[in-house]
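Visitor: Take a look at this one; I'll ask things after.
The values are calculated or read from the model by the stated rules, or taken from the named source; none is laboratory data. From a predicted model like this one, the values you see are computed outputs, not experimental measurements. We place every Cβ from the backbone using ideal geometry, glycine too, and count neighbours over all the protein chains shown.
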Amino acid sequence: MEQQQPKVYDIPDDYKQNALITENRYHDMYREATEQNDVFWAKQAEIIHWFKKWDKVSEVDYHKANIKWYIGGKTNVAYNCLDRHVMSSKKNQAALIWEGDDPHDSKTYTYLQLHREVSRFANVLKKFGVKKGDRVIIYLPMIPELAISCLAIARIGAVHSVVFGGFSAEALKSRILDCDPKVVITSDGGFRGGKVVPLKKNCDAALEGTNVKTCIVVKRTHDTVPLTTPRDHWWHTETNSADIRNECPAEQVDAEDPLFILYTSGSTGKPKGVLHTTGGYLVYASMTHRYVFDYKDGDTYWCTADIGWITGHSYILYGPLANGATTVMFEGVPNYPDYGRFWDVIDKHQVNIFYTAPTAIRAIAKEGDEHVNKRSLTSLRLLGSVGEPINPEAWEWYHKTVGKGKCPIVDTFWQTETGGILITPLPGATPLKPGSATRPFFGIQPAVLDPTTGKELEGEAKGVLCMKASWPGQMRTVFGDHDRFFQTYFSQYKGYYFTGDGCIRDKDGYYWITGRVDDVINVSGHRIGTAEVESAIVLHKNVAEAAVIGINHKIKGQAIYAFVTLNTGITPSEDLKKEIVQCIRTEIGPIASPDAIQWAPALPKTRSGKIMRRILRKIADFQENEIGDTSTLADPSVVDDLIKNRIKDA
Ligand code: 6R9
């Protein structure tokens, strides 16, 4: 289709010989998974330990958004991630290597040690009345206590919801109100790039006026923070007084009992609480981790994501730990103390498998090769990318400069909703094309649909990306709003799961994700809903209306561009822009700050009053020649003014 002939990178010889999945095996397993879905997934479920085997493998109805896997099975995620390995020869192997923001700060937990910490903290949670099914919100920086909290919550059958530490007090509060947690876990603050983030302060503001009775506070920065009695308790005081010999047994939970909620932005309204359950999620996370990263015992694996996002859940914590891997957890940022930090960490811990985001690769690449070339990187065997489409230039740089031309790159397409990777190369099975996520994982049946007719297209095609069949890691519902689950993902194209992404399938059956087709902006791999940003902007008393779109950005992939109409009589000013940005930072957090705000005397609207974001996108991206027909606009003349005053260096 519209693709030029891309370069193809063949599978390196050592991968052809030593990989878990070779080319023939990929095709065999893919066929088996498609033709005998339940048989295949029953076999794969053996990757985890079950206290009781399931009665039925799956029950799926996309017309009602009902999805169940391993029905009747009993298991526990923390048991699988810890106890199993403690009872094996892995007990004294490193489970978690934590690398602090400060390069001199790192700490390793063996499986035995991590098990002990988790068990101890699980007992603390129980003491505060947390029971199976209760929600617990975690608002922590990337410190070991974050991993320990997640596992402890899973251990007692409670449900965690991790809120990214970069979210504001308001964003945290809306999540607290939505999922009604029994306990909130936070810290005095966090370190990022040498600076302090005031988490407890945000948490205090968020907790005001809520029902939360207990807040557990980790001491990280040692800044003085007020403790509110009887609500707040220090983590260290509680865990130190818990009896270390008193092991907390892992609760035997149902395969379909909830494991976690993770809020994510959609095209409309407030973030949705994406709910994942226990058995299917763990099978899928561990299986994809093993095969996609060609994970073998002894490997040191590092995913640079934050556990506040799904990538951190599935591929820092649950997938790697279920497989008994050594997983690296990094508190810092790629450019502190300098742009060579990632490479220092790889050399320091002899990382074999490295998984990061295109935005980080582009930010580092623009600083030149010397940061990379000063380091050895000989331990690396495999590279990965996630979060947004990786442009071929960034891919080539990653491959050549970081991977020295020897390490395959797995460009993994997936979503918060999918629990694990859907479309990806397998390093021993897939020749690579830079910029393509290549082929579906086992059991994944992508479909390219014509967006207007909804018809499934065959062969080479361009359209919207849907999934025909379910897989165990798929989300089960939107917390507290099953109808929204159905409406968001299953109502547009009957009988399909709709990803919200556009894609091209080429002649080799390779998929090229072209980005979101809904009103979601992908800024540095973070999903931001236009509606959320617009609501935050109109909170300013002088603003009448706002429309937000995504524009292309060299480093971030996309950036936020806002058109703002002020109330009559208000004079635009730079100060007003700053106040508007502050509104967004307060409501959502710094990640949603716009790169540009343009004053718009009026916005292009249809006669029924719908804002034509398509036109705004063309204006902001300097593609006014492609605006096309504006005759359906209520007032076509607004377009000229917007073109004249658009911001050039956004
Ligand atoms: C895992 C994660 C999901 C959205 C998704 C898509 C984009 C993620 C991608 C990719 C192209 C890749 N996306 N990986 N686009 N190639 N390899 O990122 O989850 O935060 O929910 O974002 O990210 O647009 O729909 P999430």
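Visitor: Restricting the first residue to the range 140-154 and requiring it to be free of Cβ contacts under 8 Å to residues at least 40 places away in the same chain, which pairs with a second residue that is buried (at least 24 other Cβ atoms within 10 Å of the Cβ) and in a helix (DSSP H, G or I) meet a Cβ separation below 6 Å and a spacing of at least six or different chains?
Guide: Ile148/Val118; Ile148/Phe121
Visitor: Can you pull out the strands (runs of 3 or more DSSP E) entirely within the range 138-195 that have at least 2 residues that are modelled with pLDDT of 95 or more and more than 21 Å from the chain's Cα centre (by Cα)?
Guide: Strands (runs of 3 or more DSSP E) meeting the threshold: 183-187.
Visitor: Next question. Quickly run through the range 381-394 and pick out the residues that are more than 12 Å from the ligand (Cβ to nearest atom) and either touching a strand residue (DSSP E or B) at 6+ places or on another chain (Cβ under 6 Å) or of a type in the set (Lys, Arg) (or both).
Guide: Arg381, Leu382, Leu383 - these are the residues of the range 381-394 that are more than 12 Å from the ligand (Cβ to nearest atom) and either touching a strand residue (DSSP E or B) at 6+ places or on another chain (Cβ under 6 Å) or of a type in the set (Lys, Arg) (or both).
Visitor: Something else about it: Could you go through the range 255-262 and let me know if any residue there is within 15 Å of Gly419 (Cα to Cα), in a helix (DSSP H, G or I) and in contact (Cβ under 8 Å) with a residue 24 or more places away in the chain.
Guide: no
Visitor: Kindly provide the set of residues from the range 520-549 that are away from the ligand (no atom under 12 Å from the Cβ) and either in a helix (DSSP H, G or I) or under 24 Å from Ala305 (Cα atoms) (or both), ordered by number.
Guide: Thr530, Ala531, Glu532, Val533, Glu534, Ser535, Ala536, Ile537, Val538
Visitor: May I ask you to list the residues in the range 230-244 that are in a loop (DSSP other than H, G, I, E, B), among the charged types (D, E, K, R) and closer than 11 Å to Asn123 by Cα?
Guide: Asp243
Visitor: Would you mind stating whether Gly502 is within 16 Å of the ligand (Cβ to nearest atom), part of a strand (DSSP E or B) and either within 30 Å of Ala562 (Cα to Cα) or of a type in the set (Ser, Thr, Tyr) (or both)?
Guide: For Gly502, the condition - within 16 Å of the ligand (Cβ to nearest atom), part of a strand (DSSP E or B) and either within 30 Å of Ala562 (Cα to Cα) or of a type in the set (Ser, Thr, Tyr) (or both) - is met.
Visitor: When you scan the range 520-570, how many residues do you find that are among the acidic types (Asp, Glu) and surrounded by 20 or more Cβ atoms within 10 Å (Cβ to Cβ)?
Guide: Summing the residues that are among the acidic types (Asp, Glu) and surrounded by 20 or more Cβ atoms within 10 Å (Cβ to Cβ) in the range 520-570 gives 2.
To keep it simple, each residue is scored yes or no on (1) outside any loop (DSSP other than H, G, I, E, B); (2) closer than 18 Å to Asp501 by Cβ; (3) near the ligand (Cβ under 9 Å from one of its atoms).
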residue: Cys407; (1), (2), (3): no, no, no
residue: Thr412; (1), (2), (3): yes, yes, yes
residue: Ile421; (1), (2), (3): no, yes, yes
residue: Leu426; (1), (2), (3): no, no, no
residue: Thr430; (1), (2), (3): no, no, no
residue: Gly443; (1), (2), (3): no, no, no
residue: Pro451; (1), (2), (3): no, yes, no
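Visitor: Right, another one. Which residues, counting only those in the range 379-403, are touching a Cys at 6+ places or on another chain (Cβ under 6 Å) and either closer than 22 Å to Trp309 by Cβ or assigned to a helix (DSSP H, G or I) (or both)?
Guide: Leu382, Leu383
Visitor: Another one. Quick one: Ser470 ticks every box in (1) over 30 Å from Thr278 (Cβ atoms); (2) away from the ligand (no atom under 15 Å from the Cβ); (3) of a type in the set (S, T, N, Q) bar one, so which box is it?
Guide: Going through (1) over 30 Å from Thr278 (Cβ atoms); (2) away from the ligand (no atom under 15 Å from the Cβ); (3) of a type in the set (S, T, N, Q) one by one, Ser470 breaks only (1).
Visitor: Now for a different question. Within the range 332-391, which residues are touching a residue at least 24 places away in the same chain (Cβ under 8 Å), more than 16 Å from Gly405 (Cα to Cα) and of a type in the set (Asp, Glu)?
Guide: Those that are touching a residue at least 24 places away in the same chain (Cβ under 8 Å), more than 16 Å from Gly405 (Cα to Cα) and of a type in the set (Asp, Glu): Asp338, Asp344, Asp347, Glu367, Glu388.
Visitor: Output the number of residues of the range 556-595 satisfying the condition of being within 25 Å of Tyr263 (Cα to Cα) and outside any strand (DSSP E or B).
Guide: 17
Visitor: Are there helices (runs of 4 or more DSSP H) fully within the range 303-378 with at least 2 residues that are within 14 Å of the ligand (Cβ to nearest atom)? List them.
Guide: 358-365
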